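The values are calculated or read from the model by the stated rules, or taken from the named source; none is laboratory data. Fair warning: this is a prediction, and the values are worked out from it, not measured in the lab. We place every Cβ from the backbone using ideal geometry, glycine too, and count neighbours over all the protein chains shown. Accessible surface is based on the protein model in full, side chains and every heavy atom, while ligands, DNA and RNA are left aside. Shrake-Rupley method; radii C 1.70, N 1.55, O 1.52, S 1.80 Å.
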Amino acid sequence: MAIPSERDREMDVKLDAADKASTRRELTLQELVIPDLQLMAASGKYDQNVLLWLQDAYVVRGMKDHFDELFAFHRDLATQTELTDDERWWCKVEFLGKITREVYDAEKINGDGARRPIEERYIDAARTFYQAESVVYAGQLEELAEYIKQALEAGVKPDLERFAREAYVSMSRMSDSVSKLEKLPNSNSQQMMKMMKQGIEAINYAVVATPGQPIPAGKMLLQIVNDIQKNPHRYIEFKQPQRTIRANPVSFEPARRNESAPELN
């Protein structure tokens, strides 16, 4: 059996971290229900994605603290066969919103000064969120490089323009996350930037040796990425964010909830 190289082990760690980060960021509610966080979002000074991530800690706590009530609600909802899908969706959102606000309000009322202000906890949540984003996108770049290399070795010609669009999106989003990390105290933005550079280099070196001349597929792809960067609207269809499909709250069943949800501290 082949012994994995140091690069293979490093790649495994990154992909594992990316997978955990992606799972950890799965949200129970896709909208803000805590008034304080709604006000923060309305101010325009805070990232709503981070606020949702921060809120999810209270949602999870609410589901644990109100387990019996949650179980009874779920059982009762299952018997209401006359409800439409939209009505069921709103029932779930309203119930989760209620227990989430109860947990948050109880913490504020019973606080002894040990709890930090919500604005400070937002900074911690933002740091975790943007780091997780960066790890995910860095993993995508390295996976893309490996896929191109394997495809060419197998004699399959990959659609470089399509993969260049994917690479452009990953690079753009990761760059945005790193830029936001740089503005936060005690962040490891330099490490995240190094990961992005490694991902780009992995694509750049995706060369396949052939009996004739090596195929610099990675360099070709990055050249297309540069072209996209100059005129993204030519290659990528941009849509205004809107809720075309309503996201359904995550299943209430405790066994199906992820154990690595954000923690309150």
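General remarks:
- Search result, residues across the range 38-59 that are more than 18 Å from Leu184 (Cβ to Cβ) and surrounded by 21 or more Cβ atoms within 10 Å (Cβ to Cβ): Gln55, Asp56, Tyr58, Val59
- In summary, helices (runs of 4 or more DSSP H) completely within the range 111-208 and bearing 1 or more residues that are in contact with a Lys or Arg (Cβ under 8 Å, 6 or more places away or on another chain), under 24 Å from Pro232 (Cα atoms) and open to solvent by less than 50 Å² (accessible area, probe 1.4 Å) occur at 118-153, 189-204.
- Any hit, the range 179-194, residues being farther than 22 Å from Asp47 by Cβ and either out of contact with any strand residue (DSSP E or B) (no Cβ under 8 Å at 6 or more places or on another chain) or of a type in the set (Asp, Glu) (or both): yes
- Screening the candidates Phe95, Phe73, Phe67 for the property of being open to solvent by less than 20 Å² (accessible area, probe 1.4 Å), more than 13 Å from Tyr122 (Cα to Cα) and among the aromatic types (Phe, Trp, Tyr) yields one hit, Phe95.
- Pairs are defined by a Cβ separation below 8 Å, a sequence spacing of at least 6 or placement on different chains, a first member in the range 218-237 that is farther than 18 Å from Leu152 by Cα, and a second member that is in a helix (DSSP H, G or I) and at pLDDT below 75; the pairs so defined are Asp227/Tyr235; Ile228/Arg234; Ile228/Tyr235.
- Every listed requirement among (1) at pLDDT below 90; (2) exposed (fewer than 11 other Cβ atoms within 10 Å of the Cβ); (3) of a type in the set (Ser, Thr, Tyr) is met by Thr79 save one, (1).
- Taking (1) touching a Gly at 6+ places or on another chain (Cβ under 6 Å); (2) farther than 18 Å from Ile200 by Cα in turn, Phe73 satisfies each apart from (1).
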